[in-house]
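Chemist: Just dropping this structure here.
The values are calculated or read from the model by the stated rules, or taken from the named source; none is laboratory data. Quantities reported herein were computed from a predicted structural model and do not represent experimental measurements. Every residue, glycine among them, receives a Cβ derived from its backbone with ideal geometry; neighbour counts consider all protein chains shown. Note: accessible area is taken over every heavy atom of the protein model, side chains too, but ligands, DNA and RNA are not part of it. Shrake-Rupley method; radii C 1.70, N 1.55, O 1.52, S 1.80 Å.
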Amino acid sequence: MLDFFRKGMGSLLAGILLTFLIFSFALWGIGDPLSTLTSNNVVEVGDDTITVNEFAQSFEMEFRQSQARFGETFTKELAVQFGFGNQVISQMADRKAFDVEARNLGLRVTDDELRDYIMSIPTFQDETGAFNRSYFEQIAAGQGYGVQQFEELMRADLVRGQFVEAIMNNIETPDISADTLTKYTTEKRVAEVLTIPASNMTAIGEATDEILTAFYDDNNPLYMAPEYRDLSYFEISANDIAATIEIDDTVAREMYESRIMSYTQEEERGFFQMLLDDMDAAEAAIADLEGGKAFEQVLSDRTGDSAEDSKFEPQTRDEFVSLYGEDAANELYSLAANGYTQPIETGFGVYIFKLGDVNAGSISTFEEVKEGLVKTLQMEQAIDRLFDIRNTIDDELAAGAPLDDIAAVINVPVKKVMNVSIEGIMPDGNASNDLPLIIDFLDVAFTLNIGDELELREGISNKFYMVDVENIMDATLKPYDEVKDQIAEDWAANRRIELATELADKITEEFSAEGSAALALSEYQDIQSSDFSVNEVTVDRANADNSVATDIHGSIFSQEVGGIQKIAAADGDGFVLIRVKERILSAEVDEEAITGTKDQIKTAMQNDMMGAFTNHLYDALPVSINTNNIQATLDLLVTPTDQ
């Protein structure tokens, strides 16, 4: 097998398409709970199957990879809710369908093709791009495979890739389609953009009392004083209770001793590895080392690998054992600085390890972690007390006790919030300083009525509160004289908007009339003023440089030449009129652009082809999905770890 990798590299099968069809380098089991299922299969594909355990293993693999990206908050339960299991089984069924059809068609790959494929995969290459046999064997061992078993998985991957390529090879993009679409996507347009700010409309007229009174009457909701309420409440939290709890050092030390492993940093050892074909070669290497040659020199002479290729960063003993076994770990962890092991024979060859960098293990002292321990114990006890307090409150509520009496029983103060609106503002315009730091406190309080049944409500971070409405002051219309200045400002702003709307609509109507296609916005008589601006812009369909705002760009490319469109100004101040003057289509399109378009069209056609062919396989083989077993498997996967 090792001789197999010493043969020359060949060309990689060009363009392995569709990532979802390709093997992933990881596998974990989930134990025995799945044995409780009555059927062993989740998918039947022709005369082949996907078993419950295969599905569970793939789910675990994909989940752990996703959790590594998204963090510990991405749980299995959350993954299942998001349809993660359906995604995994769909990918597995697609791969299996192609495998079965490839087998039915008699597709095979030679050993040389497999060798070239493996040696071309970046995962198995060093920083120079050369295939590194040690990487390949370490990954195989790390996934629980022997080398031959791992090769067979890679062989199936390669067959599947060749099959996909055969389906895709004859798909070509017609030149006329690429040329037409490229001209369309590279089109440019010339447009006039007229800005009509409402704030520049000055001829609004005089605001008489009669006009302002009418505006006030028509817009009463704008001048309402908000509803105000008087509230009483109390709050309890685990943090507040924890601050009153004293923890004896003896109790803290007992917790320290029970959790000593969490305060222990294991020793980590780095190493260099030399992998040889057999024991004879390994003993010859040992003879070189004992003869005074440096490990790095022997490594190069005997394997052709460099020290950098064979160097592994420090790792724990358990991590090392999972890759090389207990015997190898015993040898490595007994070495002194710069020492090397005797030959260690494994199923993958014979290893000689040299000790590399060492990170010494350590244990945090009690004094170093005492503060954190005390806080943990305080919080644990506080949560227990909080549970008891909640039970007491439930008893008081059942007895019909008022809020003040309940607060007295649990020994917490009753607090008052007077004359507050739902926004937390008092009648004088200032924010209330009496509100608790509870996110939805006012939202809840303003849903209640005087005399409503009391309820203990939960905030965040183990905080609870109870609120009672003592008084409600209804919203009222503010007197005209009190808000006259505000009315005048609102009327003026509204009048400016009316005038801007009238002008924009007038221009739009005139430039939409028959025979107006040749007219330019810049020549319109009513806008020959510094109050307005007309800009001529030339933009392409991509607008990659954001030369115009997105809404303006959208308007330009949604119109015909000579059209005109009114849109609201992005800043809310009036309107923008857009008129398209010209379309510019290139007579000759850049070859690079056409090539890019061809690739895009080809990819779309390939995706459609793969979708159609996959659907054909599902019908022809056929593919049968056992949804009950899939759901039962997902339930078993979630329950042991998340509940």
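Chemist: Picking from Leu275, Leu355, which residue would you name as being at pLDDT 90 or above and either open to solvent by less than 60 Å² (accessible area, probe 1.4 Å) or not in a loop (DSSP other than H, G, I, E, B) (or both)?
Modeler: Just a single option satisfies the conditions, and that option is Leu355.
Chemist: For Ala500, which of the numbered conditions (1) closer than 16 Å to Glu192 by Cβ; (2) part of a helix (DSSP H, G or I) fails to hold?
Modeler: (1)
Chemist: With (1) buried (at least 16 other Cβ atoms within 10 Å of the Cβ); (2) over 14 Å from Thr341 (Cα atoms); (3) touching an Asp or Glu at 6+ places or on another chain (Cβ under 8 Å); (4) not basic (Lys, Arg) as the list, and Leu299 as the residue in question, which single condition is left unmet?
Modeler: Among (1) buried (at least 16 other Cβ atoms within 10 Å of the Cβ); (2) over 14 Å from Thr341 (Cα atoms); (3) touching an Asp or Glu at 6+ places or on another chain (Cβ under 8 Å); (4) not basic (Lys, Arg), the lone unmet condition for Leu299 is (2).
Chemist: Of all residues in the stretch 596-630, which are over 17 Å from Ile167 (Cβ atoms), among the polar types (S, T, N, Q) and surrounded by 13 or more Cβ atoms within 10 Å (Cβ to Cβ)?
Modeler: Thr597, Gln600, Ser624, Asn626, Asn629
Chemist: May I pose another question? Are any of the residues in the stretch 186-194 open to solvent by 40 Å² or more (accessible area, probe 1.4 Å), under 39 Å from the mean Cα position of the chain (by Cα) and within 30 Å of Val576 (Cα to Cα)? Working first, answer last.
Modeler: Within the stretch 186-194, the first condition is being open to solvent by 40 Å² or more (accessible area, probe 1.4 Å), and the residues that meet it are 186, 188.
Subset that is under 39 Å from the mean Cα position of the chain (by Cα): 186, 188.
The next check asks that each one be within 30 Å of Val576 (Cα to Cα); those that pass are 186, 188.
The answer is yes; a qualifying residue exists.
Chemist: Looking at the structure I just gave you, is Glu54 within 23 Å of the chain's Cα centre (by Cα) and at pLDDT 85 or above? Full working, then the answer.
Modeler: Values: within 23 Å of the chain's Cα centre (by Cα): no; at pLDDT 85 or above: yes.
So Glu54 does not fit the description; no.
Chemist: Select from the stretch 198-249 the residues that are open to solvent by less than 30 Å² (accessible area, probe 1.4 Å), part of a helix (DSSP H, G or I) and in contact with a strand residue (DSSP E or B) (Cβ under 7 Å, 6 or more places away or on another chain) and list them in ascending order.
Modeler: Tyr223
Chemist: For the stretch 108-124, which positions are crowded, with 16+ Cβ neighbours inside 10 Å and either of a type in the set (S, T, N, Q) or more than 36 Å from the chain's Cα centre (by Cα) (or both)?
Modeler: Val109, Glu113, Arg115, Ser120
Chemist: Given the conditions (1) assigned to a loop (DSSP other than H, G, I, E, B); (2) within 36 Å of the chain's Cα centre (by Cα); (3) closer than 25 Å to Asp384 by Cβ, which single one is not true for Tyr465?
Modeler: Checking Tyr465 against (1) assigned to a loop (DSSP other than H, G, I, E, B); (2) within 36 Å of the chain's Cα centre (by Cα); (3) closer than 25 Å to Asp384 by Cβ, the one that fails is (1).
Chemist: Please work out which residue is nearest to the chain's Cα centre (by Cα), limiting yourself to the stretch 302-330 and to residues that are open to solvent by 70 Å² or more (accessible area, probe 1.4 Å) and closer than 15 Å to Tyr340 by Cβ.
Modeler: The extreme case among them is Lys311.
Chemist: Which of the residues spanning the stretch 363-395 are outside any helix (DSSP H, G or I) and of a type outside the set (A, V, I, L, M)?
Modeler: Step one: of the stretch 363-395, the residues outside any helix (DSSP H, G or I) are 363-365.
The answer is Ser364, Thr365.
Chemist: Which one is least open to solvent (accessible area, probe 1.4 Å), of the residues in the stretch 125-142 that are modelled with pLDDT under 80 and over 16 Å from Thr346 (Cα atoms)?
Modeler: So the residue we want is Asp126.
Chemist: Checking Glu268 against (1) charged (D, E, K, R); (2) over 30 Å from Glu368 (Cβ atoms); (3) surrounded by 16 or more Cβ atoms within 10 Å (Cβ to Cβ), which test does it fail?
Modeler: (2)
Chemist: In a strand (DSSP E or B) and either at pLDDT 90 or above or closer than 30 Å to Thr185 by Cβ (or both): which single residue out of Val589, Val561, Val537, Val548 fits that description?
Modeler: Working: Val589 fails: in a strand (DSSP E or B); Val561 fails: in a strand (DSSP E or B); Val548 fails: in a strand (DSSP E or B).
Every option except Val537 fails the conditions.
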